[in-house]
Structure formats: structure tokens, C-alpha cells
1. List the residues, sorted by chain then number, that are 5 or more residues from Thr79 or on another chain and whose placed amide H is less than 5 Å from its amide H.
2. Quick check on packing: order 145-156, 233-244 by the mean number of other C-beta atoms within 10 Å, highest mean leading.
3. What percent do you get for the relative contact order of region 138-195 when only Cα pairs under 8 Å and 6+ apart count?
4. As I understand it, the value is the acute angle between the Cα axis of helix 236-259 and the longest principal axis of the Cα atoms of the chain; what does it come to in degrees, rounded to 10?
5. Please name which of Ala141, Asn277, Thr79 has its Cα lying farthest along the dipole of the chain towards the positive end, using unit charges on Cβ (Lys, Arg +1; Asp, Glu -1) and the Cα centre as origin.
6. Output the peptides 181-191, 18-28, 271-281 sorted from most to least packed, where packing is the average of other Cβ atoms within 10 Å over each peptide's residues.
7. So what is the 222 nm mean residue ellipticity for the chain from helices alone, if each DSSP H run of at least 4 adds -39500 (n - 2.57) and you divide by all residues, rounding to the nearest 500 deg cm²/dmol?
8. Compute the separation of the alpha-carbon centres of region 250-309 and region 69-116 and state it in Å as a whole number.
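The values are calculated or read from the model by the stated rules, or taken from the named source; none is laboratory data. Computed from a predicted structure; not experimentally measured. So basically every Cβ, Gly included, is an ideal-geometry build from the backbone, and we count neighbours across all protein chains shown. Just the protein is used for accessible areas: all its heavy atoms, side chains included, with ligands, DNA and RNA removed. Shrake-Rupley method; radii C 1.70, N 1.55, O 1.52, S 1.80 Å.
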Amino acid sequence: MLSYILRRIGLALLITVLAVTTLFVIIHAIPGDPVSTMLGPRASEDMRAALEQRMGLDRPLPVQIALFFGNMLRGDLGTDVFSNRAVTEIVLGQIPYTLVLILASIAWSAVLGIALGCYSAVRRNSLGDRLTGILSVSVIAVPAFVISLYSLLIFSVRLQWFPAIGAGDSGDILDQLHHLVLPSLAIGLSWVGYIARLVRASMLEVLGEGHIRTARAFGLPERRVIFGYALRLAILPTVTVIGVGMGFLLSAAVFIEIVFSRPGLGSLVIDSIMQRNYPVVMGSVLFSTLIFVASTTLADIVNAILDPRIRSGK
């Protein structure tokens, strides 16, 4: 198990380096001069040259990439040229908002999706199974931005049950949870249907295997057969999907944070791109990549714990 974990961590580090390097090149290929954006069109050549030297933009791109990784290993992601604050401090101040939104969305959608998928598999071809299938496909087909806009119109504007913007008072947990309901609903609703369909398909496959028939032949209670044997194996694809889904949830969070005027990595990245603020953009991209890679690696490790065949390579 330790060898498997070390291999996955090594692969995660390699993926991080490749992903950050690729994004570094893409960001620097965006049209527009960041120095002109920051200083304005009336800046002198001396001012432009000084800022380019300060940001390292006067050096070749490979040298900039090497310097970025060298500074990253020392925990230095640069300085925001507008506020003169450390990029690490700025990004770390926004990460908790995004993580709370993503984890809340995936938590309630996973619990509900697994329960519905398990019910549909056990009650195969029943009325409840068919209704669950229709609802699952329906919510999968609706984009997150449509759900967010309609939830705002219905629950905030018309019914006034939930606040429309903001993340709540920093010292009031109940207020923060109140502000979290609609954004997490917008992100997680489609995942309920996706997880439910995936768990149903996996459960039906597992329920037809020989060890399940043997367990039933020995007279084990149906509840123990379902939850103790079948669900443990059927949930493996779902764990992987949830880990990979963190990346898609990060991308969805960008739009959701803008719609609901929430702080977070999404809002920070959009504002920084508009300002051509390269240090903050790269810092945000780096932490987003680390979150995605860490979630997929953790999902692989959990799968290996649940199924020993994975870590043995069989």
C-alpha cells in the first residue's frame, strides 16, 4: 500500500509540473500587454522597463518558468503589483470560500445520489426506479448557470427564502450556511443525477456476481448483502468520479461565484485576468491545479483501500 501511495504522489507531482507549465505558456500567450494595462498608455519607457524587470517579463519564457518553479519551492509566488501584497496571502485568503462551496456541493449531491442509485438498483424496473431515472437525466441535462439563475429568481427574488449575493458574515456560521444553500444547489444538482445513474449501473453489475449469490444462499440478511458487500464494490467508480469531478466543480465555481457575488478563486482569477495581473493569475492557477490533482490522487488511494486488486495492479 505504501508503494502504491508513493507512486501516486510521484505521478501527481509530475502532472502538476506539466499542467502549471502549460498554463504558464497559455497565460503569457493571451493578447495584451500587462505592463500597459497596469501603468496606462501614458507611462514612460523607464517606468515600463522597471515594471517588466520587476515582474521578470524582460526574460525569455523558459527562464521565467524556471524562476517561477524555483520561487514556488521556496513558498514565494510573487507580489501583487497593484496592492503590493504577497500572492500566496491573497490566494490563501480566497481558497476557503471555494473549497467550502465545492465540498458542500459534492457532499450533499453524493449522499443523495448514492442513496437514489442504490434504491433504483434494489427496486429495479419499479415505478420509483423509473421516476428516479427520469429525474436523474433531467437534472443532468440542465447546465449549472441555468439552475443558478432560476434559483435566484425563485428562491431569492420571488420567495425571498435565501440571500442572493455574498458569502455571509465571517463570524456567523449560520449566516454563511444560509448564503451557501443556493450556490451549492446550483453546482451539485446535476451531480445528483450523474452519481445516481452511475451507482445504479454499478450496483446492478455487482448484484449479479457470484459472491453476492453465495452470500444470499447462505441466508445473510438482505440489508447486509446490499450495504456490506454490494455497495462497497459498486461505489468504487463513484469515488473516482467524485475525485475527478473536483476539477469540473472548480470550473463551475468560477461562474457561480460571479453570479452570486461570492469571494473565491473563481472571482479572483477572472479579475486578475482582466487586469493582466500575471502573478495572481499564476498563483490562483497553481492552487487550483493542486486541488484538482490532490482530489484525484486521494480518490485513487481510497479506491485502493476499498479494493486491494487496484494497488496490486491486477
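1. Val87
2. Peptide ranking by packing, descending: 233-244, 145-156.
3. Normalised by residue count, the contact order of region 138-195 is 46 percent.
4. 40
5. Going by the charge dipole, the pick is Ala141.
6. 181-191, 271-281, 18-28
7. About -24500 deg cm²/dmol.
8. With region 250-309 and region 69-116 each reduced to a Cα centre, they are spaced 6 Å.
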